[in-house]
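Everything on this sheet refers to the single structure shown next.
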Amino acid sequence: NVAKVLQHTRKEYFLNILIPAALPYIFTGLRIAIGLAWLAIIAAEIVMSGVVGIGFFIWNAYQNNNISEVILALVYIGIVGLILDKLMCWLQTLILPEEQK
């Protein structure tokens with residue numbers, strides 16, 4: 001209705017009304033997806049035991065009964081996940097106008 005009153009074309013409607021209205025939801029989805037992707041990477045490293053990474057480190061420490069190393073790796077995973085989330089929040093503050101945050 002707003003687009004009709006302002007006599008926007010389809011392109012103007014898409015760029016000026018639809019995309020700005022959808023951006024908060026897009027960023028919410030991106031934040032969730034980054035967290036799940038990070039967990040999927042760790043799980044894939046655990047399953048594929050030949051791949052060296054944090055998942056392999058956790059599995060190896062678990063097999064050797066080094067609980068302190070497992071806890072250290074879990075803290076590391078949490079910190080990296082938090083950093084990824086905060087980076088996405090920062091990107092959201094750069095792109096979205098103040099009234100949409």
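Show me the helices (runs of 4 or more DSSP H) entirely contained within the stretch 2-84 in which 3 or more residues are touching a residue at least 40 places away in the same chain (Cβ under 8 Å).
Those helices (runs of 4 or more DSSP H) span 19-47.
Please state which one of 37, 21 is closer than 14 Å to residue 88 by Cα and among the small types (Gly, Ala, Ser).
So the residue among 37, 21 that is closer than 14 Å to residue 88 by Cα and among the small types (Gly, Ala, Ser) is 37.
Matching residues to (1) hydroxyl-bearing (Ser, Thr, Tyr); (2) within 22 Å of the chain's Cα centre (by Cα); (3) at positive phi:
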| residue | (1), (2), (3) |
| --- | --- |
| 33 | no, yes, no |
| 51 | no, no, no |
| 54 | no, yes, no |
| 65 | no, no, yes |
| 77 | no, yes, no |
| 86 | no, yes, no |
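Output the residues belonging to the stretch 91-101 that are of a type in the set (A, V, I, L, M, F, W, C) and either surrounded by fewer than 10 Cβ atoms within 10 Å (Cβ to Cβ) or at pLDDT 95 or above (or both).
Correct list: 94 only.
I'm told residue 34 meets every condition in (1) modelled with pLDDT of 95 or more; (2) exposed (fewer than 11 other Cβ atoms within 10 Å of the Cβ); (3) β-branched (Val, Ile, Thr) except one. Can you identify the failing condition by its number?
All conditions pass for residue 34, except number (2).
The values are calculated or read from the model by the stated rules, or taken from the named source; none is laboratory data. These numbers come from a predicted model, not from an experiment. In this analysis, Cβ positions are derived from the backbone assuming ideal geometry, glycine residues included, and neighbour counts consider all displayed protein chains.
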